[in-house]
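The values are calculated or read from the model by the stated rules, or taken from the named source; none is laboratory data. Bear in mind the structure is a predicted one, so any value in this text is a computation, not a measurement. Don't worry about glycine lacking a Cβ; one is built from the backbone with ideal geometry, like all the others, and counts go over all protein chains shown. We work out accessible area using only protein heavy atoms, side chains counted, and drop any ligands, DNA or RNA first. Shrake-Rupley method; radii C 1.70, N 1.55, O 1.52, S 1.80 Å.
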Amino acid sequence: MRIVAVNADKGIAPDGTKGASIHLRSILNAFVAEGHDVILHSQRLPKSSADLRFETRQGTSAENIQNTIIDHKADFVYERYSLGATTGLEAANKTGLIFALEVNAPLFSEASRHRPETITETSESVENELWRKADLVFPVSSGMLAFVTEVRNHREGVHLLPNGIDPGLFTDERQETRRSGPWTMAFLGHPKP
């Protein structure tokens, strides 16, 4: 399949080192590994394409995305939900394509509590519109699944797609250790309220 992906969050660089960047890159690289052709429209261009198996184009206007859809003969649009962004949905609607939305967090709710300066008077209605009008919604947790389903008033088209791990990011080299038995893996993340 030919996929046009959209990342409208200017804080997420396709080649960045923060978790959201690694997640975006891993999802799109996984599409390519499965044999799909991917073009990403992003607010930021990568500084290096070393780990990218997909093409990246700067700009997330509906017109730019729509032109790529037409030129690329895309099969669907896949967007990582960003607060206030509707251009992926607009471009998919104008070209008659399926719009798939990955939802990692209730961004309006989070921003209202912790970053109120980042929201506008339309942020909540835009979030609700995206969640309702997307053909497919992929929340990453059972909590997000419940939240999205409540906003949509139905579960049709909503599919839980939990976060995972890309074992290819880790080498097979193992250090010698004195410990015997099974290993335990821990996640050390960035604590947020």
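Of the two radii for the chain, the radius of gyration is 1.00 times the Kirkwood radius, both from the alpha carbons; that is the Rg over Rh value.
To put it simply, the accessible area of region 1-152 at a 1.4 Å probe is 48 percent carbon and sulfur. Charge tally for residue 3 (other residues, Cβ to Cβ under 15 Å; Lys, Arg +1; Asp, Glu -1): -2. Relative to the Cα centre, the charge distribution of region 40-193, modelled as +1 at Lys and Arg Cβ and -1 at Asp and Glu Cβ, gives a dipole magnitude of about 360 debye.
Dividing the summed helix terms, -39500 (n - 2.57) for each DSSP H run of n ≥ 4, by the number of residues in the chain produces a 222 nm estimate of -10000 deg cm²/dmol to the nearest 500.
Using a simple spin-label model with pseudo-atoms 7 Å out from Cα toward Cβ, residue 49 and residue 22 lie 2.4 nm apart.
Build a GNM of the chain with springs between Cα atoms under 10 Å apart, and of 169, 130, 89 the one that fluctuates most is 169.
In the full protein context, the chain carries 61 Å² of accessible surface per residue, based on a 1.4 Å probe and ignoring ligands, DNA and RNA. Net charge near residue 86, counting Lys/Arg +1 and Asp/Glu -1 over other residues with Cβ under 14 Å of its Cβ? Computed value for this residue: -3. Taking amide H as placed 1.01 Å from N in the peptide plane, the amide H of residue 57 sits under 5 Å from that of 40, 41, 42, each at least 5 places away or on another chain. Using only side-chain charges placed at the Cβ, +1 for Lys and Arg and -1 for Asp and Glu, the dipole size of region 1-122 relative to its Cα centre rounds to 240 debye.
Ordering 29-40, 150-161 by mean Cβ neighbour count within 10 Å, with the highest value first, yields 29-40, 150-161. Counted by Cβ distance under 12 Å from residue 146, the other residues give a net charge of +1, where Lys and Arg count +1 and Asp and Glu count -1.
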